[in-house]
Amino acid sequence: VVGLVCGAALTGAAVAQVKGIDITAPAGPGGGYDQLARATQQVLQKEGLASGVQVSNVPGAGGTIGLAQFVTGKKRGNNLMVAGLGLVGAVLTNKASITLDQVTPLARLQGEYQPLVVAADSPIKTLNDLISKYKADPGSVSWGGFALGSPDHILSGLIVKAIGGDATKMNYIVAGAGGEMLAQVMGGHITVATGGLNEFAQQLESGKLRALAISSPERLPGINIPTLKEQGVDVELVNWRGLMAPREIRPADKKALEDAIGMMVKSAAWQDILKERGWVDSYMPSDQFAAFIKEEQVRIESLLKEAGLIK
């Protein structure tokens, strides 16, 4: 049952405050799912739209372990889970028995473009260097990223395919998210890695990593990274993320959460976070998001097949 009290006034109207929300980030700390969960926690509380918001990390199997716990868990109250393009892919590649058909899509929130990065001292200085190395000896290039079926895996596969390689034979290393991945790239244990732009932002700024390309359709404002397309590799990909609620959520509880999230995305605090992190505002309310996910399950299955990542 959602506890409601009168919350802070936003845009002049009193809003009902949701009490006690538990947000599951189905990955380790520092990655995109975790960042979105904590940004949501921060803004909901700052704007007085919710109180007692907790975040818990449940890493493993590309998010499918978190999804299984979320679906089968007996927690009462307002549980939400972060999900994204990667979870749709992970369900397919892991042939998971629990799928996104067993949750209620609540809101799509943001999208993020992905850079290809190498260690600062890597002999690979440009995308062309990487392509040449790959063409000379495909096995000598290790591609690092989050789980199988993740946007990182799909993007790496699409790039390999676009440069004439065989994605089924690429040397893809599951390197985790956030800090786990960074240590391996910066230590030179992985040739090249990809993930959300914001996961690498600090290291790119400090010069510990170098970006070779980004998966956006055109250059991002204020971000000096050339796109894959402008360098002759015809690939673009945006990783979307949003929030899921339990399948059996009561209509009144769903409405209260949806209203709170709807107010959150309009707030200056939320818009500032999007700008600061290079996130794309791709908010979509529950009904639209549910329809989008149905289409996305079909699209991602065909992307994974096209890249040769599933049969």
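The values are calculated or read from the model by the stated rules, or taken from the named source; none is laboratory data. Just so you know, these numbers come straight off a predicted model, no measurement behind them. Note that each Cβ is placed from the backbone with ideal geometry, even for glycine, and that neighbours are counted across all protein chains shown. We work out accessible area using only protein heavy atoms, side chains counted, and drop any ligands, DNA or RNA first. Shrake-Rupley method; radii C 1.70, N 1.55, O 1.52, S 1.80 Å.
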Inset, instruction - Keeping the other protein chains in place, figure out the carbon and sulfur percent of the accessible area of the range 44-120, with a 1.4 Å probe. - result: 50 percent
Inset, instruction - Of the listed values (i) 29, 24, 19; (ii) 30, 28, 15; (iii) 35, 21, 16, grab the one calculated as semi-axes √(5λ) of the Cα gyration tensor in Å from the structure here. - result: (iii)
Legend entry - In the range 47-144, the trypsin sites (Lys or Arg not before Pro) that fall in loop regions by DSSP, at most 13 other Cβ within 10 Å: Lys74, Lys75, Arg76, Lys95, Lys125
Inset, instruction - Of the listed pairs Lys95/Lys229; Lys125/Lys275; Lys133/Lys169; Lys208/Lys266; Lys161/Lys294, which have alpha-carbon separations greater than 24 Å here? - result: Lys95/Lys229; Lys125/Lys275; Lys208/Lys266; Lys161/Lys294
Inset, instruction - Pairs of Cα atoms under 8 Å, at least six residues apart: use those to get the relative contact order of the chain, whole percent. - result: 26 percent
Inset, instruction - Would you calculate a helix-derived [θ] at 222 nm for the chain, using -39,500 (n - 2.57) for each DSSP H run of n ≥ 4 and dividing by the full residue count, to the nearest 500? - result: -11500 deg cm²/dmol
Inset, instruction - Starting from the Cα of Lys46, draw a straight line to each of the aspartates and glutamates and keep only those under 20 Å, dropping any in the same chain fewer than 8 residues away. - result: Asp22, Asp34, Glu258, Asp259, Asp272, Glu276, Asp281
Legend entry - Assigned charges on the beta-carbon of Lys, Arg, Asp, Glu; the chain dipole about Cα centre (debye): 500 debye
Legend entry - Estimated inter-spin distance, Asp166 and Lys266, nm [label 7 Å along Cα→Cβ]: 5.5 nm
Inset, instruction - Give me the net charge of Ile300's neighbourhood, meaning all other residues with Cβ under 13 Å from the Cβ of Ile300; Lys, Arg count +1, Asp, Glu -1. - result: -1
Inset, instruction - Whole number in Å², please: accessible area per residue of the chain, 1.4 Å probe, ligands, DNA and RNA not counted. - result: 42 Å²
Inset, instruction - Tally up the carbon and sulfur contribution to the accessible surface of the range 187-231 as a whole percent, 1.4 Å probe, everything protein left in place. - result: 45 percent
